[in-house]
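A short worksheet on the structure shown next.
Every read-out reported here was derived from the displayed coordinates using simple, explicitly stated rules and does not represent laboratory data. Quantities reported herein were computed from a predicted structural model and do not represent experimental measurements. Every residue, glycine among them, receives a Cβ derived from its backbone with ideal geometry; neighbour counts consider all protein chains shown.
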Amino acid sequence: MSGLTSLFYIVASILFIFGIKMLGSAETARRGNFLSSLGMLVAIVAVLLSSGMSYTWIMVGLVLGGSLGAFSARKVEMTGMPELVALFNGFGGLSSLLVAWAEEVQPAGANPIFTDSVIFAALVIGGVTFTGSLVAYGKLSGKLDGKPLLFPNQKAINVAVAALLLLLGVAYALQSGFSLPAFYLIVLLALALGVLGVLPIGGGDMPVAIALLNSFSGIAACAAGFVILNNVLIVAGAMVGASGLILTIIMCKAMNRTLGDVLFGGFGAESAGGGAEAEGEMKPITADDAYYILEAASQVIFVPGYGMAVAQAQHAVKELAALLEENGCEVSFAIHPVAGRMPGHMNVLLAEADVPYEQLAEMDDVNPLMSNTDVAVVIGANDVVNPAALEDESSPIYGMPIINVHQARTTFVLKRGQGKGFSGLVNPLFTRANTRMLYGDAKETITSLVGQFKGS
Amino acid sequence: MDPLILLLFIFTLAIFLGFELISRVPSQLHTPLMSGSNAISGITIVGAIAATGAGATLFAQILGFLALVFASINVVGGYLVTDRMLGMFKKKGGKK
C-alpha cells in the first residue's frame, strides 16, 4: 500500500467517524450521512489510484451496481423500507464473502494460518449475513411466511452445522493443501446457516434480527479487511459491527429478552398456549360511535404498530390527528421501541406522513400520562400494548415494557379480525371493560372517521 | 511491529470507538442509523475493486467483479435511501 493511498484511507476513516457520530443526533444526521458517503468516495478513489489496475470491468461493475442501487433506493415506498435495508445488507455480506474468496484463489501458494483463519471468518460471517438477510427480506416483504418456522431437532441441526463449520475452519487454517470440495462445503454450510438461523425468528423479533445482521455485515467487511490487509475496511467494518451490536442490545432490552432467546427461542410458535386465557368478550364498536367519543375527547394518544404499516394508514392517521387538533384536542403518538419490523420503523412512516416531531413520544414519557388520556387509539399494534407483560407471570412476554394503553379512560383497538396477533399470544387488553374493538382495515376505519369529522 | 499486530490494534480501537460513538441514539434515528451504517459496511467495495482490477487470475477477477456489483448496490442504494429518510425527518422539524 503506497503512502498516498494510506493517507486517503486515513481521511476516509475520519469522515466515517464523524459521519457515524453525526448520525446519532437529529440535527446533524443528514450531514453525517453525507460525510460518510464522502468518506466512501475518498476510499474508492484511493484504491482506483493504486498501480496496476485495469479499469474497464471496474467501471462496468460500479455503473451497473450503482444504478441498480440508486434505482431501488429512489423507487422504494417507505413501507417497503425494512425489506430493502435487509436486502442491501445481505449484498454487503455477499460482497465480503466474494472478496475473501477472490483472495483465496490467488495462486500464491500456501497462506499463513492467520490469513486462512480470516478468510474462513469472512466466508462464514459474509455467507450468514447474505442468506440470513435474504430470509429476513422474504419474511418482511411477505414472500415468506412471517411466522417462526420450526421443525424437529432444529436446535440440534443448527448446532451441528455450526460445529461442522468450525471443524472445517480449523482444518482449513491448519492444513496447507486444503481440498477444494471442502472449501466449497464451507461456503455452502455458511449459506445454509444463515437460512437456518433466521427461519425460526418471528416477525415480532425482526427488529432484533435486522439489527444483528447489520452488525454482522460490518464484521464481515472487517474480516475481509484482514484478508486483504486493508486498514480502512477494518476500521469502517469494526465501527459498523459495534454500532449494530449496540442497536441489537437496545432492541433486546426493549423486549426484555436476551439475544439467545431471540435467536433460538422460536418465540410465539412453541409458546402459543402460554399465558392465561382472557376472560370476557371483546366489545366491538362502530366507526360512528367511535367518532362521538373522539369528538368529545381532549387528550388522544395514538399507538401505531406493524398493522399501520401493512394497511399503509399513516397518511390517514396524520389527517385524523390534524382534525382532532383542530377540534381542540391534544394529540400525541406513543412509539414503542420495537413497534414494527425494524428499529425505528414507526418513526420513518410517521415522518413520511409529515407528523410533527413534537407529537412523537417515547414509551417512558407517555406512560405516566396515560391515566389522564381520554382515548388511546391502538392501530395494528398488539404485543407492545399487551398488559399480560405486566400482570401475568406465566406469559412468555412477562417483563417486557409496554405502552400502558389499558390505563387510558377508553382504548380503541383497530384490528383486522378477532384472531390472535402475530405472536399468537392472547391479549387481555381486548376484553377489558374500557376497550372497544374497531374491526376492519385500519386505513378504511381511519378514513371513515376522518370523513365523519369533515362532515360535521 | 508486525503488520498483523498493527491491524489487530487498529481493529480493537475501532470497536471501542464504534461503541463510544453510538452510546445513546434517539429511537427516531434507529432506522437511519442502521441503514447509514449498513452503507458504510459496503466499504468492502474497496477490496472488490482491487480484486477486479488487479486480481491474479481470471477467476479471481470474476469473483471480484461480482463482489463489486453487490457492494455498489449496497453503497449507493444505502446512502441514497438513508438520505431520503433523513430528508423527511428534516422537513418536519422545520415546519413547526
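Helix-only estimate, please: 222 nm mean residue ellipticity of chain A, summing -39500 (n - 2.57) across DSSP H runs of length 4 or more and dividing by its residues, to the nearest 500.
Helices in chain A give a 222 nm mean residue ellipticity of -19500 deg cm²/dmol.
Toward the positive end of the charge dipole of chain B, about the Cα centre and with charges on Cβ (Lys, Arg +1; Asp, Glu -1), which of B:18, B:74, B:33 goes farthest?
B:33
Could you work out the relative contact order of region A:308-456, using alpha carbon pairs under 8 angstrom and six or more residues apart, expressed as a whole percent? Could the numbers behind the result be given before it?
Details: 219 pairs, mean separation 38.5, N = 149.
Relative CO of region A:308-456 lands at 26 percent.
Report, as an integer, the average count of C-beta atoms from other chains found within 10 Å of each Cβ along A:209-215. The partial results should precede the final answer.
On the way: counts 0, 3, 3, 0, 2, 6, 5.
Partner-chain Cβ atoms within 10 Å, mean over residues of A:209-215: 3.
Please give the helix A:442-455 orientation as an angle from the longest Cα principal axis of chain A, in degrees from 0 to 90, rounded to the nearest 10.
So the inclination is approximately 40 degrees.
For the pair residue A:64 and residue A:281, how long in nm is the line joining their label points, each one 7 Å along Cα→Cβ?
6.4 nm
Would you work out the relative contact order for chain A, in percent, from Cα pairs under 8 angstrom that are 6 or more residues apart? Kindly include the intermediate steps, with their values, before the conclusion.
Working: 780 pairs, mean separation 66.1, N = 456.
So the answer I get is 14 percent.
Magnitude of the Cβ-charge dipole of chain A, K/R +1 and D/E -1, about the Cα centre, nearest 20 debye? Walk me through the numbers before you get to the answer.
Numbers: 22 positive and 33 negative charges, 221 e Å.
Roughly 1060 debye for chain A.
Can you tell me the mean projection area, over all orientations, of the convex hull of chain A's alpha carbons? Units nm², please.
Working: hull surface 93.7 nm².
Taking the Cα atoms of chain A, their convex hull projects to 23.4 nm² on average.
For the residue pair residue B:23 and residue A:253, what label-to-label distance in nm results when each label sits 7 Å from Cα along the Cα-to-beta-carbon direction?
So the two model labels end up 1.2 nm from each other.
Within a 10 angstrom radius of each residue's Cβ in A:34-40, how many Cβ atoms of other chains show up on average? Whole number is fine.
On the way: counts 4, 0, 8, 10, 1, 2, 10.
That works out to 5 on average.
How far apart, in nanometres, would the label points at residue A:322 and residue A:180 be if each is projected 7 angstrom from Cα along the Cα-to-Cβ direction?
Label-label distance for residue A:322 and residue A:180, simple model: 6.4 nm.
Give the calculated FRET efficiency between residue A:166 and residue B:8 to the nearest 0.05, with a Förster radius of 30 Å applied to their Cβ-Cβ distance.
Details: r = 21 Å, r/R0 = 0.70.
Computed FRET efficiency for residue A:166 and residue B:8 comes out at 0.90.
Of the cross-linked pairs A:318/A:454; A:415/A:443; A:75/A:443; A:75/A:139, which ones have a Cα-Cα span greater than 18 Å in the structure shown? Intermediate results must be reported in sequence, preceding the final value.
Numbers: A:318/A:454 14 Å; A:415/A:443 11 Å; A:75/A:443 23 Å; A:75/A:139 20 Å.
Cα-Cα > 18 Å for A:75/A:443; A:75/A:139; rest within.
Counting other Cβ atoms within 10 Å, keep those with at most 13, restrict to DSSP loop, and tell me which GluC sites (Glu not before Pro) in region A:312-420 are left.
Working: sites: A:319, A:325, A:326, A:330, A:352, A:358, A:362, A:391, A:393; in loops: A:393.
Here the sparse-neighbourhood loop sites are A:393.
Using the 10 angstrom Cβ neighbour count as an exposure proxy, how do A:75, A:253 rank, fewest first?
A:75, A:253
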